[in-house]
Every structure is written in structure tokens, then in C-alpha cells.
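Undergrad: Here it is, the structure in full.
The values are calculated or read from the model by the stated rules, or taken from the named source; none is laboratory data. Note that this is a predicted model, so its numbers are computed, not measured. Counting neighbours? That spans all protein chains shown, and the Cβs are built from the backbone with ideal geometry, glycine included. In case anyone asks, the SASA skips ligands and DNA or RNA and just uses the protein heavy atoms, side chains included. Shrake-Rupley method; radii C 1.70, N 1.55, O 1.52, S 1.80 Å.
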Amino acid sequence: MEPLRIGVLAVQGNFREHAEMLRSLGADAVEVRKPEELDGLDGLVIPGGESTTFTRLMALYGLDEAIRAFAGPVFGTCAGMIVLDRNHLGLVDLAVRRNAFGRQVASFETDLLLPGEETPMRAVFIRAPWIEEVGPGIEVLAEVDGHPVLARDGRFLVTSFHPELTSDGRLHALFLESVREAAVVRA
Ligand code: GLN
């Protein structure tokens, strides 16, 4: 079987860590800086970083339109979740509140139990957003203090935290599973 080709948006932020995690799970990870680099990808990761910078650079390079036109599964983490919400690219039907847990001092780690899993996942939050409003059809998969921090909306998977900064690859594996399913449907 051909490895899945996953793009990692590489204009800014934690793209290297995501690419390494994807490679450790057997995927072919490619850095994306230009719209045409989305062609032929099976899935796309939008990493954490600074969402205002992402928004500016995506508009500058025409990546905003290219990402809107991209039909495959997308995994957005932290700032990557922010740029997908109703108030940015408008691809996922939720509203995200930036820096919701507070600023730098409010960066923290906690254990999250994912649905159907017995071992909790260590989650790293860095000036993290939370999900403030969810539209119908959004599946909330984990919360912290009553605020959704992990959700799925069809082909979109979004997290407030940084799964690329631990050695726990379960969320990336979940994402790759959805990419594989979408690739089978397309074939
Ligand atoms: N606070 C950042 C923002 O609002 C997100 C932080 C992160 O991605 N770690 O864009």
C-alpha cells in the first residue's frame, strides 16, 4: 500500500513536530507553503503557532482559498483550530475563543480520556483556545473544566492542545485513519 501523503502547513509554528509524528506513523509528510503544494495530498495538518500570523500569511500566499478548496481531511491544532472556525476560514461550524485559558502563565498539561480509550492522553496546552460554541453535528470528544478542547466535524478534527509535543500518537493515528477511509472512498 502506498503511504498516505499528508501536507503540513509550514508557514509558521510547530510544523516539524507534526511532520515527525506523521512519519513515525508511516505517512509521507510534506511541508506546504504554496497553494499548488496542496495538489494530490490525502490530508492536511494545520499546526499550532500564532493564528493572526497564519491568517496574514495564508492570505498573502493565497493559501486561504486553496485550503477552502481542499477536499480531504484536515487536522487543526491550537492556532490551527482557530483558523478553521466560523470567524476565520469558516470551514468548521464552531466558534473558538483565543487564549481562553489565559496567557503564557496559563500554559499547562493535563490528562484527557478519549472516548473508548482506557489510558489517558497527556495534553499540552500553550496559550490555548477553547471551543466556545459548537454547531449541530459537531462531536465533542474531550473537555477541560466544561470547555470542549477536542472535536470532530466530519472530515475535520480540531484540538486546543498540542498532540505533536508528546510521544502519544493516538490523535495523529485517528486522523490518519479518517484520511485512509476518505482515500478509499475516492478510489
Ligand atoms: N494563542 C495562539 C493564538 O491565538 C495559539 C497558541 C498556540 O497555537 N499554541 O493564535
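Undergrad: Using the Cα centre as the reference, give the magnitude of the dipole from point charges on the C-beta atoms of region 79-155 (Lys, Arg: +1; Asp, Glu: -1; all else neutral), rounded to the nearest 20 debye.
TA: About 420 debye.
Undergrad: How much net charge surrounds D85 when only the other residues with a Cβ under 11 Å from the Cβ of D85 are counted, with Lys and Arg +1 and Asp and Glu -1?
TA: -1
Undergrad: Region 116-187 to region 1-47: how many Å between their Cα centroids?
TA: 17 Å
Undergrad: Now, a different point. How big is Rg to Rh over region 1-104, alpha-carbon atoms, Rh as the Kirkwood inverse-mean-distance radius? Working shown, then result.
TA: Working: Rg = 13.3 Å, Rh = 13.8 Å.
Computed over Cα atoms, the ratio is 0.96.
Undergrad: Within the accessible area of the chain, what % is carbon and sulfur when the probe is 1.4 Å and the other protein chains stay in place?
TA: Carbon plus sulfur share of accessible area: 49 percent.
Undergrad: Sum up the charges of everything whose Cβ sits under 10 Å from the Cβ of V158, counting Lys and Arg as +1 and Asp and Glu as -1, but leave V158 out.
TA: On the way: positive: R152; negative: D85, D153.
Net charge around V158: -1.
Undergrad: Let me ask something else. Arrange the peptides 117-125, 11-19 so that the one whose residues have, on average, the most other Cβ atoms within 10 Å appears first.
TA: Numbers: 117-125: 15.1, 11-19: 20.9.
Listed from highest to lowest mean packing, they are 11-19, 117-125.
Undergrad: Now, a different point. Under the rule of -39500 (n - 2.57) per DSSP H run of 4 or more residues, summed and divided by the residues of the chain, what mean residue ellipticity at 222 nm is obtained, to the nearest 500 deg cm²/dmol? Please list the in-between numbers first.
TA: Details: 5 runs with 49 residues, N = 187.
Taken over the chain, the calculation gives -7500 deg cm²/dmol.
Undergrad: OK, next. So what is the accessible area of region 1-152 per residue, in Å², with the probe set to 1.4 Å? Numbers along the way, then the final one.
TA: Working: 7140 Å² over 152 residues.
Ligands and nucleic acids excluded, the result is 47 Å² per residue.
Undergrad: A further question follows. Once the Cβ-Cβ distance between E177 and E143 is put in as r, and R0 is 25 Å, what FRET efficiency do you end up with, to the nearest 0.05? Show your work: numbers first, answer last.
TA: Working: r = 22 Å, r/R0 = 0.90.
That gives a FRET efficiency of 0.65.
Undergrad: Something else about it: Using the crude model of +1 on Lys and Arg Cβ and -1 on Asp and Glu Cβ, and no other charge, please compute the dipole size for the chain relative to its Cα centre, in debye to 20.
TA: Charge dipole of the chain: 440 debye, to the nearest 20.
Undergrad: Distance in nm between label sites at A106 and R23, each 7 Å beyond Cα in the beta-carbon direction?
TA: 3.6 nm
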